[in-house]
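Shown next, in structure tokens, is the structure this report addresses.
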Amino acid sequence: MKLEFTVKGEPQGKGRPRFTRIGKPYTPENTASYEEKVRLAYWEQCGMEMAAAGIPLTLEITAVFGVPERFSKAVRQKMLACEIRPTKRPDADNIAKIIADALNGVAWHDDAQVVSMAVSKVYGETPEVRVCLDW
């Protein structure tokens, strides 16, 4: 089965855990809200479909960054044609981590089921994250 969905808005990476004064860890607010945004996008576009426990999964993530206005038309065209790729933050592994953590218990039982993963960073007219899940 193959499921695809899109999370609208600039791609975001997984933030580092923060700690209270007494040393208790917590997830930063912007990370928690983005994970909720990912879950809502999945439910709206894929329904309640969930891979059975133990099924190996393939995850493909394409992070589409908006083209900054400050660049010339020629540079913008190169960005949109993937001749220039984003080398800025968030890192590809942090993008993968926030998506995988958000889908844990939603699209699959445990993210250990993901046996293959590909993450791409590109520029586009509309910032978004495209996710393709295959099992």
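The values are calculated or read from the model by the stated rules, or taken from the named source; none is laboratory data. For clarity, every value in this text was computed on a predicted model and none was experimentally measured. Cβ placement follows ideal geometry from the backbone for every residue including glycine, while neighbour counts extend to all protein chains displayed.
Mind checking whether some residue in segment 94-103 is assigned to a loop (DSSP other than H, G, I, E, B), closer than 21 Å to residue 36 by Cβ, within 17 Å of the chain's Cα centre (by Cα) and not β-branched (Val, Ile, Thr)?
No, the conditions are met nowhere in segment 94-103.
Under the condition of being among the polar types (S, T, N, Q) and within 23 Å of residue 131 (Cβ to Cβ), which residue from segment 1-26 is surrounded by the most Cβ atoms within 10 Å (Cβ to Cβ)?
Checking each candidate, the answer is 12.
Quick test of your reading of the structure: residue 68 fulfils all but one of (1) part of a loop (DSSP other than H, G, I, E, B); (2) touching a residue at least 40 places away in the same chain (Cβ under 8 Å); (3) surrounded by fewer than 14 Cβ atoms within 10 Å (Cβ to Cβ). Name the failing condition by number.
If we test residue 68 against (1) part of a loop (DSSP other than H, G, I, E, B); (2) touching a residue at least 40 places away in the same chain (Cβ under 8 Å); (3) surrounded by fewer than 14 Cβ atoms within 10 Å (Cβ to Cβ), just (2) comes out false.
Residue by residue through segment 85-111, note down the ones that are within 21 Å of residue 42 (Cα to Cα), acidic (Asp, Glu) and modelled with pLDDT of 95 or more.
Matches in segment 85-111: 93, 101.
So, of the residues in segment 27-53 that are closer than 22 Å to residue 16 by Cα and not in a helix (DSSP H, G or I), which turns out to be modelled with the highest pLDDT?
Ranking the candidates gives 28 first.
Please identify the pairs in which a residue from segment 71-97 that is within 14 Å of residue 123 (Cα to Cα) and touching a residue at least 60 places away in the same chain (Cβ under 8 Å) has its Cβ atom under 7 Å from the Cβ atom of a residue that is surrounded by 14 or more Cβ atoms within 10 Å (Cβ to Cβ) and not aromatic (Phe, Trp, Tyr), counting only partners at least 6 apart or on another chain.
89/13; 90/11; 90/12; 90/13
Would you pick out the residues in segment 1-22 that are among the charged types (D, E, K, R) and either in contact with a His (Cβ under 6 Å, 6 or more places away or on another chain) or outside any loop (DSSP other than H, G, I, E, B) (or both)?
Within segment 1-22, 2, 4, 8, 18 meet the criteria.
Can you name the residue in segment 76-121 that is β-branched (Val, Ile, Thr) and surrounded by 15 or more Cβ atoms within 10 Å (Cβ to Cβ) and is also farthest from residue 63 (Cα to Cα) among such residues?
106
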